[in-house]
Amino acid sequence: MPDMKPNAAMPEGGWAADASENDIAEIARLKSRDDVLAHMTRITTARGFPFFLLCTMPTVDQTKYSEVAILSNVPDDIIRRYDDSGSVHENQAFVMLRTTTTPFRMAVEDCRRDVGGAFQPERETLVKEMDFCETYFFPVHDAAGGRAVFVLLSRKPDLAIEVMTDLHMICLHVYNRLVGIGGMGQEKEKVDLSDREIQCLNWTAAGKTSSEIADILGLSEHTVNHYLNHVAKKLDATNRVQAVVKAMRLGLIS
């Protein structure tokens with residue numbers, strides 16, 4: 001995620017013959033987004049990557065990671081705080097990804113030097129909290145021409161080239177499996193919100209309190225809280241802020 005310059009590039013191609021056969025075979029059996037998320041989390045964690053995101057290429061109007069992240073094990077509040085500290089277009093990796101299909105890595109220290117030795121405070125805090133020193137980018141594509149990128153955060157510098165080529169092959173298979181099971185739509189169909197729940201969520205996103213929302217909608221504060229609590233459960237969110245972020249990411253509210 002950091003806006004870094006390339007530190008080193010991987011060889012062209014990336015489809016390594018020695019990638020884990022068991023992992024590839026298991027990918028073909030995945031049936032849902034949850035299956036894909038759990039499998040990818042296990043694979044990346046075992047190879048030294050505590051966090052990953054699968055992102056589409058951002059359009060001019062898309063300035064936040066929450067708008068382009070399709071699959072991720074990064075906590076939603078971390079993504080929200082990262083979005084608050086800058087635009088996705090500041091990340092030079094997305095500029096490179098327009099012209100390359102080769103995996104590459106970017107070092108946190110290089111990025112710090114480029115901005116005068118340190119990130120802005122919020123971003124510096126997040127990097128320290130997440131405890132990573134390099135970011136690896138794996139471009140992926142499908143047969144229909146769709147393009148995306150797996151972004152993997154590493155706590156280990158200079159990972160072995162064999163690990164990287166192995167991971168690139170896995171990322172390609174995972175992406176194509178996700179496309180094949182219709183998992184690129186961020187599961188909008190699985191979240192059914194009522195009109196009232198959407199209204200309460202929209203006003204929450206606008207910064208209104210439960211009391212203020214109650215006055216606006218002609219409801220009791222207790223009813224508003226009931227709607228918001230119900231929404232949080234539907235979205236598997238721990239609080240209403242996280243519910244708003246998830247709802248925005250799913251396109252349920254604007």
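Assorted remarks:
- With every protein chain in place, the chain: carbon and sulfur % of accessible area (1.4 Å): 51
- Extension reserve of the Thr101-Lys156 stretch, reckoned as 0.36 nm per residue once the Cα distance is removed: 17.5 nm
- Of the Cα atoms belonging to segment 205-245, the radius of gyration and Dmax stand at 10.0, 27 Å.
- Debye intensity ratio I(q)/I(0), log10, the chain, q values 0.07, 0.13, 0.17 Å⁻¹ (C-alpha model): -0.27, -0.86, -1.30
- Interatomic Cα distance distribution for segment 82-195, bins of 10 angstrom, percent: 11, 35, 33, 18, 3, 0
- Entries in Lys31/Lys208; Lys64/Lys128; Lys208/Lys246 that, when Cα-Cα distance is taken, lie over 29 Å: Lys31/Lys208
- Once the Cα-Cα distance is subtracted from the 0.36 nm per residue extended length, the Asn202 to Ile181 segment shows a gain of 4.5 nm.
- Relative contact order %, the chain, counting alpha carbon pairs below 8 Å whose residues are six or more apart: 24
- Long hydrophobic helices in the chain, taken as whole DSSP H segments with a C-alpha length of 18 Å or more on their own axis and mean Kyte-Doolittle hydropathy at least 0.5: 161-180.
- Potential extension, Asp84-Glu26 segment - 0.36 nm per residue separation minus Cα distance: 17.2 nm
- Distance from segment 18-58 to segment 150-170 (C-alpha centre basis), Å: 13
The values are calculated or read from the model by the stated rules, or taken from the named source; none is laboratory data. Not measured: the values here are computed from a predicted model. When the accessible area is computed, the model is the full protein with side chains, heavy atoms only, and any ligands, DNA or RNA have been set aside. Shrake-Rupley method; radii C 1.70, N 1.55, O 1.52, S 1.80 Å.
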